[in-house]
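Please read the structure below before turning to the comments.
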Amino acid sequence: MHIPVFERGIIPPDPVAPDSLKGIPRQKTNPSRWQGDNWQDFVRDLQSRGVTVCEGRADCSVFMTDAGGVAYSLPHGVVRPNSAEDISKVLRAAQAHRVPVTTRGGGLTTEGESVAFGGLLLDMSSMNRVLEINSDAMTVRTQAGIFWHQLAEILRRDNLDYLSAPLNLTASVGGTLGVGGIDVNSPRLGCSADQAVVLQVVTPTGDIVNCSERENPDLMERVLFGYGQFGVITEATLKIRKFTPITIQYFYYSSLRTAIEDLQFIAREDASDYSGILTILDRAITLLVAFDSDEREREFNTRWKRSLRGHGEAGFGLRMAGHYTMHPWRIKEAAYIIGRRFKLFPEFWRPEFMHHGKIIDRTVVFSRAVWKFWGGPQMVIPDLSSKAEKFVEAVERGNAVCRKYFRHYTLYCVGIKLRGRLPRYEMSCIPPDASDIAYGCEFEPMLRGTNYSRDYLQSFKNEIYDIGVDMGLSYYRFGGMMKGYIRRAMGDELVDKHLAMKKAADPAMVLNAEVIF
Amino acid sequence: MSEEKYDVLIVGASLAASAAAKRLVDAGLDVVALERKKLPRNKVCSGILSPRGHRFLIENFGPLPRDILHEPTSCRGVTFHFPSMISISMDFEGGPTPHLNRKFSDYWAVKSSGLNVHEETSFMGLEDDGKVVHVRAMRAGIELKYTARYVIGADGPKSRVRHSIYPDYMKSIPWFMVGQKFQRIIECPLDEDYFHFWFHPALGHYTWSHARNRRQIVGVGFPSGGNLHEYHRNVETYLRDKHGVKLEPAEELEGCAQNFGPSLINRYVFGKGNVLITGQAAGFFNMLAEGMSCALHSGAIAGEAVVGAIQRNRPVQEVYRRLITSEAKRCTDQWNPFRIIFGNPHEADFKAGMRKLSKREQLAVIRDIFRFMKIYAPYGWGRQILSQSLIRLVRNKYPSGRWL
Ligand SMILES: Cc1cc2nc3c(=O)[nH]c(=O)nc-3n(C[C@H](O)[C@H](O)[C@H](O)COP(=O)(O)OP(=O)(O)OC[C@H]3O[C@@H](n4cnc5c(N)ncnc54)[C@H](O)[C@@H]3O)c2cc1C
Ligand SMILES: Cc1cc2nc3c(=O)[nH]c(=O)nc-3n(C[C@H](O)[C@H](O)[C@H](O)COP(=O)(O)OP(=O)(O)OC[C@H]3O[C@@H](n4cnc5c(N)ncnc54)[C@H](O)[C@@H]3O)c2cc1C
C-alpha cells in the first residue's frame, strides 16, 4: 500500500464523506518527529562555519516538552547562538539542507509550539544582554533571548521599568513579541508586542534585517504576533517608563457577569492603572485594581469606586456565610474558598515585597503566585479573546465547560488595549471584530495532585476552542496557537494568505513550520 | 544468541500499538513492535470507527487516504431493530464516520506512527527482573531474544502478554465467538448508510448486518462452543422473513474469539511492573463492540505513561493507572444505566430516537431490551454493573481496586 504524503497546508478532499466530522479540518495536529535526512551534512556544514551543535542526549532532553507538558519530542541537536550572525548561518544551512529549526525562548507555550519535533532547536536564552538604555527617549535595546525579569532587574538600577509583560518570570522578550504578551496593565498599555519600536530580525533565509514602523514596516508587521514564522527576533528596542511601586484594591463578586461588566467599566473609563479578574469559584470572584500613583488611586476612590457593585472582604464574607448557611450541603465549597483565601491572598502582601504599604515588585509577586498555586508539569490554559460585547457570553460558556471537566479551576480575565487596526493583528490573538479594547479569558483547571491523559485535557481544550469557532472569537494565546483550530476560527482564505506569505519568506518551510500550518 | 535492546517493546502492530508508538517515537525513544502476522494483515472487524476515534486518527496520523476505506466509505449511524418490529435509526453526532478496511487502516496507522515492526514474529513470553524485561519471541521457527525497559501488550483479545503475567486470567472470564459471512445481494431493504443491530434473544448475543463492497455482511456473536453455521442460518432466515433481505450463499467467512465483558463491570487488566496491557487486551470495549476508538486512546495513554515515567522517574504502573482513569471511566460509562438514562455516554443519541416513538412503542422497546439482556444473566454482570454505577454516582469515578 502506498502511504500518501500531503504537502503542508494542503487539505485533500475527504474520502469518508463530505460532511464527516463537521467542519474539523483534516489536518495532522500532533506532528511526527522529523526523520533526520541530511542531518549530518547540516551539522558538518555548520561546524565548518564555527557554529557548535550540541547533540548529546542530555542537551536535547532538557527541551523535551514545553510548559503545556502534553507535546513531547526531541530535537536532533541544539544551538545556543551568540549573535545574529550565528543564527543567519543556521538558517542558511537549514534552507540548503531542509532541516527544520525551532526557536525557543522561555518555552512557556502550551501546545508544543516551542518543542522541536526533531531537527535543530535554537535556544535563544543565550542571547540575553541588555545593549543600551536610553532614558531620554525612554527606550531599551536588548537581545531578544532575555527573560523579562532579567530585563526588569537591570532597568531597576536606573529606577526604570518595562511597560507590560507576561506574569510568569521566564518568558523571553523575543517569544513574547512573537505571541502578544498580556499583563494586568494591558487594558491601558496594550500588548507587549505593541511596545516594540525597532527589531533586529534574522529572516528564514538568513538575512539580518532591522525593522520598525518606518524601516521595513511589512516585516515588522509580520514578525510581531507572528509566532516565529517570519524570522527570529534577535534584538528589540522597547518603550520603557519610570519605575513605580503599586497599591492594590480588591472587590468581591458572586456573579461572573457583574464582575465582568465592572471590569469593562473600569477599562473603558481608564479608572485604574491595572485591572483583572481572578476567580476562586464561579461564585467567589475577585476583581483586582491597582495604581501607579496616589493621585490615580485618589481619583478612583472619589470618582469611580462608588459605581462598582463588588463587595469588600468583610461584606462578601458575610454574604457567603449567609449563602452557605442556606446551602449546608455545599460546605466543602465554602471550606475551599476559605482555604484559598488564607493561602493565596497573603502571597500578594508578603513583607519582603512590600514597602510602605505598596508592592515594590509586582512581576515577582504575581509570577510567584502563578507558579506556586497553578504551576505544575502540565499547564492547561486554553483561552478565548473577544470584543467587549461578546465577552460575558464567552466567559459564561467557557465556565460551563470547566465545570463539566474539573472540580476546581480559575478564570483569569483582562482587557487588551488596541492601537487601531494594525496589519499585525490579522490572524493574531486580537479578535477580528474588536475595536479599542479586546478582552481575554484564560480557563485554568487546578491540576495539582491529579493526573489526566493528554486526550482528556485535549478534549477540554477543544470544547473551549469550539466556543471560539462558534462565536467568531480569537484566542488570547496564553494557551497557544492550536493548529487544528486556526482554519476553523480564522477561515481558509486568511490562513491560505498567510501560508502563501510564509512560503515566499521561507521556501524550504523550515522555521517553526509546525506551529500554524 | 544476541539480544536486541530497546527502550520499549510493543506486542502487536494494530491500532492500540500504533497510538502508543506515536507517543513513544515522537518522544525520541527507541521502540520496536513484534507482530505475529505479515503486514498488511487482515483483521475481523466491522470497521465502523466512532467520530472520536476518527478525530484521533486525523490529529495523530493525518488525513485518511481513500485506500484504507471500504465501500460505502462512511457510516451515517446505527439502526436498532427489535423483535416487536420497531426500528430506531440514530445518526452519529459529529457526522458520518469512516468504514475502515482494517487491513490497510492498521498498516497506514502503524507506518505513520514511525514504528519499527518485526513482522511474522510471535511474542512467546517474558520475564520482568524489575529493571528490564526479557522477551522471548519466535520467527520462522527460530527463537529470538529481546530486552526492553518497558513492554506494552497491545496484542488484542487473546493477549499472550496478559497471559504471561496472569496465567489464570483466560480461564476467569467468559468467552464469546463472533463470526461474519459475506454474501452477494439479491435484494436488501436495509439502509446501507447504517450499521444494523438486532436486540433479539433468539438470534444471538450480538447480531448485526451491514453492506461492504457490494456484498452484505451478516454476523452473529454467541458464547464460545456454539456452532457458527447454525446461528448464522437462523439469522439469515430471520432477515429474509422479517426484513425481506435476500442474499446469495456465503462466499467468505471469518470469525474470532472475543473477551466481551470486562469494561461493563470495570474489571480491566493494566499489567504489572514494567509491563503494560492496553487496547482490547486490557478489556476496552465500548457499546456495540466499538473497540477501535478506545484501543487508540488507551494505547496512546500507555505510550504517554511510559514517556511520563521516564521523564519524572516514577513507576510506570502508577503513572499509567492514573492516566488511564478517564478512559476507563468513559468506556464503563457506556454501560452504566444511570449515565444512559440521565446523560448520553454514547456518540449517538438513543433517547432522541426513542422520543420519536409513541408511548406504546417506547414500552415495547423497553420490554424488548429487558428480554434481550436476560440472555446475559448467567454471567452475573447485572449486580456488578449496578454496584459500580452506584459508586460512580457517589464518588464520581469507578474504583480502581478492581483492576488487575
Ligand atoms: C504559567 C504561565 C503563565 C503565563 N502567563 C502569561 C501572561 O500573564 N501573559 C501572557 O501574555 N502570556 C502568559 N503565558 C504565556 C507565555 O508567556 C507566552 O507564551 C510567552 O510570552 C512565551 O514566551 P517564551 O519566551 O516562553 O516563548 P516560547 O514559548 O519559547 O516561544 C513562543 C513562540 O515564539 C517563538 N519564538 C521564541 N523566541 C523567538 C524569537 N526570539 N524570535 C522569534 N520567535 C521566537 C517560538 O518558536 C514559539 O513559537 C503564560 C504561560 C505560562 C506557562
Ligand atoms: C466481528 C467484529 C466486529 C467489530 N466491529 C467493530 C467496529 O465496527 N468498530 C470498532 O471500533 N470495533 C470493532 N470491533 C472491535 C475492534 O476490532 C477491536 O476492539 C480492536 O481491533 C482492538 O484493537 P487492538 O489494537 O487492541 O487489538 P487488535 O486489533 O486485536 O490487534 C492485536 C494485534 O496483535 C497481534 N498479535 C496477537 N498476538 C500476538 C503475538 N503473540 N505476537 C505478536 N503479535 C500478536 C495480532 O496479529 C494483531 O495485529 C469488532 C471486532 C470484531 C471481532
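The values are calculated or read from the model by the stated rules, or taken from the named source; none is laboratory data. Note that the coordinates shown come from a computational prediction; the quantities given were computed from them, not determined experimentally. Positions of Cβ are backbone-derived with ideal geometry, glycine not excepted, and every protein chain shown enters the neighbour counts.
At-a-glance table
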item	result
Failed item in (1) more than 10 Å from every other protein chain (Cβ to nearest Cβ); (2) touching a strand residue (DSSP E or B) at 6+ places or on another chain (Cβ under 8 Å); (3) crowded, with 23+ Cβ neighbours inside 10 Å, with B:Ala295 passing the rest	(2)
Extreme residue, nearest to the other protein chains (Cβ to nearest Cβ), among residues of segment B:176-205 that are more than 20 Å from B:Lys246 (Cβ to Cβ) and more than 16 Å from ligand 2 (Cβ to nearest atom)	B:Phe199
Pairs with Cβ under 6 Å, 6+ apart, first in segment B:265-286 and within 7 Å of ligand 2 (Cβ to nearest atom), second at pLDDT 95 or above and among the acidic types (Asp, Glu)	B:Ala281/B:Asp155
Flag if B:Asn60 is assigned to a helix (DSSP H, G or I) and either farther than 30 Å from B:Met354 by Cα or in contact with a Phe, Trp or Tyr (Cβ under 9 Å, 6 or more places away or on another chain) (or both)	yes
Subset of segment A:138-167 that is over 20 Å from A:Gly276 (Cα atoms) and of a type in the set (Gly, Ala, Ser) - its residue that is surrounded by the fewest Cβ atoms within 10 Å (Cβ to Cβ)	A:Ala152
Top-ranked residue of segment B:76-96 - restricted to ones that are within 9 Å of another protein chain (Cβ to nearest Cβ) and touching a Ser or Thr at 6+ places or on another chain (Cβ under 6 Å), ranked as surrounded by the most Cβ atoms within 10 Å (Cβ to Cβ)	B:Pro96
Unique match (being more than 6 Å from ligand 2 (Cβ to nearest atom), closer than 26 Å to B:Asp67 by Cα and in the same structural domain as B:Arg330 (by TED's automatic domain parsing)) among B:Ala20, B:Ala16	B:Ala20
Considering residues of segment A:70-98 that are more than 26 Å from the chain's Cα centre (by Cα) and charged (D, E, K, R) only, the residue nearest to the other protein chains (Cβ to nearest Cβ)	A:Arg98
Matching residues, segment A:326-370, being surrounded by 15 or more Cβ atoms within 10 Å (Cβ to Cβ) and within 30 Å of B:Arg314 (Cβ to Cβ)	A:Tyr336, A:Arg340, A:Leu344, A:Glu347, A:Ser367, A:Arg368, A:Ala369, A:Val370
Leading residue by the ranking (nearest to the other protein chains (Cβ to nearest Cβ)) among those in segment B:324-334 that are in a helix (DSSP H, G or I) and among the β-branched types (Val, Ile, Thr)	B:Thr325
Residue match in segment B:327-341 (condition: within 15 Å of A:Tyr72 (Cβ to Cβ) and either away from ligand 2 (no atom under 13 Å from the Cβ) or in contact with a Lys or Arg (Cβ under 9 Å, 6 or more places away or on another chain) (or both))	no
Selection within segment B:19-68 - more than 12 Å from chain A (Cβ to nearest Cβ), in contact with a helix residue (DSSP H, G or I) (Cβ under 7 Å, 6 or more places away or on another chain) and at pLDDT 95 or above	B:Ala20, B:Ala33
Output for segment A:16-54, where each listed residue is of a type in the set (A, V, I, L, M) and within 11 Å of chain B (Cβ to nearest Cβ)	A:Val16, A:Ala17, A:Leu21, A:Ile24
Candidates B:Glu230, B:Glu254, B:Glu192 - the one that is surrounded by fewer than 19 Cβ atoms within 10 Å (Cβ to Cβ) and closer than 17 Å to B:His81 by Cβ	B:Glu192
Any chance A:Ala67 is surrounded by 14 or more Cβ atoms within 10 Å (Cβ to Cβ), hydrophobic (A, V, I, L, M, F, W, C), within 23 Å of A:Tyr456 (Cβ to Cβ) and more than 8 Å from every other protein chain (Cβ to nearest Cβ)	yes
Of residues in segment B:101-116 being away from ligand 2 (no atom under 11 Å from the Cβ) and part of a helix (DSSP H, G or I), the one surrounded by the most Cβ atoms within 10 Å (Cβ to Cβ)	B:Ser113
Selection status of B:Gly125, farther than 19 Å from B:His297 by Cβ and facing chain A (nearest Cβ under 9 Å)	no
Among the candidates A:Thr170, A:Thr203, residue that is at pLDDT 95 or above, surrounded by fewer than 24 Cβ atoms within 10 Å (Cβ to Cβ), within 12 Å of ligand 1 (Cβ to nearest atom) and hydroxyl-bearing (Ser, Thr, Tyr)	A:Thr203
Residue tally, condition crowded, with 16+ Cβ neighbours inside 10 Å and closer than 19 Å to A:Arg362 by Cα, over segment A:280-306	9
Output for segment B:113-142, where each listed residue is within 23 Å of B:Gly273 (Cβ to Cβ) and of a type in the set (Asp, Glu)	B:Glu127, B:Asp128, B:Asp129
Segment B:347-394, subset within 22 Å of the chain's Cα centre (by Cα) and within 29 Å of B:Cys75 (Cα to Cα), residue surrounded by the most Cβ atoms within 10 Å (Cβ to Cβ)	B:Glu347
Pair list, Cβ < 8 Å and 6+ apart or interchain, from segment A:140-169 residues that are within 14 Å of chain B (Cβ to nearest Cβ) to residues that are within 11 Å of ligand 1 (Cβ to nearest atom) and at pLDDT 95 or above	none
Positions within segment B:302-323 being at the interface with chain A (Cβ under 7 Å from one of its Cβ atoms) and under 21 Å from the mean Cα position of the chain (by Cα), in sequence order	B:Glu304, B:Leu323
Selected residue [under 30 Å from A:Gln229 (Cα atoms) and out of contact with any strand residue (DSSP E or B) (no Cβ under 8 Å at 6 or more places or on another chain)] from A:Val380, A:Val370, A:Val364, A:Val414	A:Val370
Residue within segment B:266-277 that is farther than 30 Å from B:Asp129 by Cα and touching a helix residue (DSSP H, G or I) at 6+ places or on another chain (Cβ under 6 Å) present	no
Hey, A:Val364 closer than 30 Å to A:Lys461 by Cβ and touching a Cys at 6+ places or on another chain (Cβ under 9 Å) or not	no
Flag for B:Gly279 being at negative phi, more than 16 Å from ligand 1 (Cβ to nearest atom) and small (Gly, Ala, Ser)	no
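One line per residue, one yes/no per condition, for (1) within 14 Å of chain B (Cβ to nearest Cβ); (2) free of Cβ contacts under 8 Å to residues at least 12 places away in the same chain; (3) surrounded by fewer than 21 Cβ atoms within 10 Å (Cβ to Cβ):
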site: A:Ile416; (1), (2), (3): no, no, no
site: A:Cys429; (1), (2), (3): no, no, no
site: A:Leu447; (1), (2), (3): yes, no, yes
site: A:Arg454; (1), (2), (3): yes, no, no
site: A:Ala489; (1), (2), (3): no, no, no
